[in-house]
Structures are given as C-alpha cells and as structure tokens.
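A short write-up of the structure that comes next.
Just so it is clear, none of the values below were taken in a lab; they were calculated from the coordinates. A quick note: this is a predicted structure, and the numbers were derived from the prediction, not measured. Note: ideal-geometry Cβ built from the backbone for every residue, glycine included; neighbour counts use all protein chains shown.
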Amino acid sequence: MAETDVTLEGGRQSSRRLRLQTLVRLRWLAVGGQLATVLIVAFWLGFPLPLLACGVLIACLAWLNFFLTIRYPATHRLEPPAAFLLLALDLLQLSGLLFITGGLANPFSVLVCVPVIISFASQPIRYGMALIGLAMVCITVLALSPFALPWYNGVPVNMHNVMQLGVWCAIASTMAFAAFYAYRVSMEASQLAEALAATELVLLREKHLSQLDGLAAAAAHELGTPLATISVVAKEMERELGHDERYREDVALLRSQSERCRDILRRLTTLSSEGEIHMSRLSLSSMMEEIIAPHREFGIVVDLIEKAPRAGEPVLSRNAGIMYGLGNLIENAVDYAREKVTVTVEFDPATLVITIEDDGSGYSPDILTRIGEPYVTARQKEDTAGGLGLGLFIAKTLLERSGATLAFANRDPGTPGARIRIEWPRMLIDSNSTK
C-alpha cells in the first residue's frame, strides 16, 4: 500500500489548494452585493450613509479582484497561506464596511461568517482556526463601533448593551457551528474521494496482473520470427562447422539454447490461449484455497470449513475485486489472531455465505459502528503503529461492488475474537446460475 499512500497524500495536499477563480467569482458577487446595498440604502431608502468611505472600501475590493484576474490564470490554485491572506483581507474589508455603518446593529453583520466557513471548508485546520480568531476580534471591534446604524432622520436607533452581547454571542456561535460543520463535511467528502481513488488503484493493479498472460502471448508472437531466424542460422552453422572441433560444441550449444527458447515461448502461448479460458472460471473451493494459501505461512492456523458438499458448488468467474477483498479480510484476521483463523463456506440454491472468524481481541465497541469507513482502523496492535484504515474500506467496497453484503461483529459472548460475514445472492456470482 506504500505507493497508494503516497498517491493519496499528494491528492490530499492538492485538494487543500483553493482555486483562485472560485474566490474571484465570490468576490465579484460580494462587490455587487455591497454596492447594491449601499445604493439602495442611500438613494431609495434615503438613510444617511458615509458614501465616500463605503465607496473606497468597495473600490479596494474590486481593484484587488481585478488585479488578481489579470495577474493569474483562471486555473491558478492558491497555496494555503495565500488563500488565508485573501480571506483575511475579505474579512477585514467587510468588517470595515460594517464598522462605519452601525457595527453589530447592522443586520448584515452575520456575513463575517462567510470567509471563515470558506476557510474551514477548503483549507487546513490551522488556517481556519487563525481566521476564526481574527473574526472574533473583528466582531468584538464591531460591538464597540461609535457609528450609528443608518436610519430615519430624528429617529435614533440605540442597542442596549445586553442586546449587543446577544448579537455578538449569536454571530460567534453561528460562526463556530457553521465552520465546524463545513470542516467535517469537507473532510469526510475528501477522505471518501481519496479512499475510492485508492480502491480504483488496487483494482487496476489486480486487473493488470491478470492481463500479464496476454502480454506474454504478445511477446511470444513478436519474438517468434527472429528466434526462428536464429534457429535456421544455427542449423546451417552446425551443418558447415559441425565437424570442426573448434566450433562444434559452441554451435551445438547455440542450437540447443535456441530450441529451448522456442519451447519456452510455445508454453507461454499455450498458457495464454488455452489456460486463459481454464483459469477465468474456478470452483468456490479452488478460489478459497487460492486466497487462503498465502496466509498459512505466518504461524497462524487457517482452517477452511465447507458446510456443504462440493458437488453442486458455485463456479465463479475470476474476479480481481472479490479475490483481493477476501484476501484482505483474511490477512486482517491473521494479523490479529492469537492462534487460529476459521473460514467457513456455506451455500444453498439462493445464497453464498463466507464467514471469517479469528480468536483475537475483537472489535472495540466505539469502532464497531464505524467499521468500513475510510481512515478508521478497526483494531490496534500494541506492537505495531497501525495503518491508515484504508484496507478494510477497500475490501468492503470491492466486495459490495460484486453484490455482497458484509456484517462485522464480535464472536459470541465468552468467545474472544471478531467475525465477518459476507453474503451474496448466488445468482450474482455463480456462472452456472440462470440470470
């Protein structure tokens, strides 16, 4: 999984780089909204407003946006520090506009939450925490604004200190809740996308390995012609130089080795053309033995129990996803077993069930409900550092794609260990079933 982990780490870093065009478009929306609001308040409602100061602040935002548009291409992605700087400037510009138009008494003061939410949804957590700290300072300064809310002449609008504190608490709590929610949703979506990408990489690798026999056939075909030429030349050399003691052994060796190469290429061609059909379908018992065999060399007993006679057993198409998924689950059981892993196979005309049990410590209660989610490590061993928790997710995803239903549980009370039950409708995977 090392190559997959490197790929995922690179994808995770790339996903935290916000596209500049996204911020530019949001900023133009902010410029339009701020300008429209100022014009409506000043000229339609007729409220007294510091138009010059408001215009300067809006013009600064528009100028910076225009500069970024012509300076960088639309596909440019911002590093986290640069994105933090731009979001902080947006926050300060909006706070300045609110400060001169009533502070927290302004009904648009809740918009200070927007840059914070964007940061938590798209940037590393440390930058989001820094921005929310800056936002808290801004709303505290807004609460101390000496400028009155633009209102009708002769009708003062005074907010009581308790009301100011209530608005401050409302904005702060809204900001914190929305930021945390955005961060969790973004993180889960990112982890799921990365885990699915890892699943695709594993599946492609398994398919690649299964296609190597085709490559061997192609190589045998391409090498056949030059090897035939070498064989003909070797025969001619043996005919001409076979009686010469200086060259007889060398020529005989050359011819024998060319014949050996032809035999090897002939076997490769036969393996690909005849063995491909033979190996593309295999019985359930053969598949289970093939999956279990690599895990019997680690000092843990792996027992295969077949509860139904082999006569009439399902015949499956060789599926890289099923074989990798089952192999991963058995490997996980072997890793955590003390002495023994039991794999039970049973089937009837309607279903096929495979149960994997180990005698280890089992799943902890807090993890059991989250088994199969990406980046959740099912069990920790004291002598290992633990993995990313992707293996179980990949196995679960691949098996579910084949139509299986998985159930994770601990064994019966009084019996230590974990149990995984995988069930398929037989008609989905049995090549002999009528679909």
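One table, with the values for the structure above:
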item	result
Net charge of Cβ neighbours under 12 Å - reference Glu306; Lys, Arg +1; Asp, Glu -1	-2
Full-extension gain in nm, Glu400 to Ala148, via 0.36 nm per residue minus C-alpha separation	84.5 nm
Long-range HN-HN contacts of Thr351 with modeled amide H, under 5 Å	Arg426
Region 25-182 pair-distance distribution - Cα-Cα, 5 Å bins, rounded %	1, 9, 17, 20, 19, 16, 10, 5, 2, 1, 0
Rotationally averaged projected area of region 23-103 (alpha carbon convex hull; nm²)	5.5 nm²
Two-site FRET efficiency, Leu35 against Val315, from Cβ-Cβ distance with R₀ of 56 Å, rounded to 0.05	0.20
Nonlocal amide H pairs with Leu78, under 5 Å, H built at 1.01 Å	Leu18, Arg19, Leu20
Extension gain, Ser186 back to Gln257 (0.36 nm per residue minus Cα-Cα distance, nm)	19.3 nm
Compactness relative to 2.2 N^0.38 Å, alpha carbon Rg of region 73-150	1.18
Residues with amide H under 5 Å from that of Arg419, placed H, sequence gap 5 or more	Ala409, Asn410, Arg411
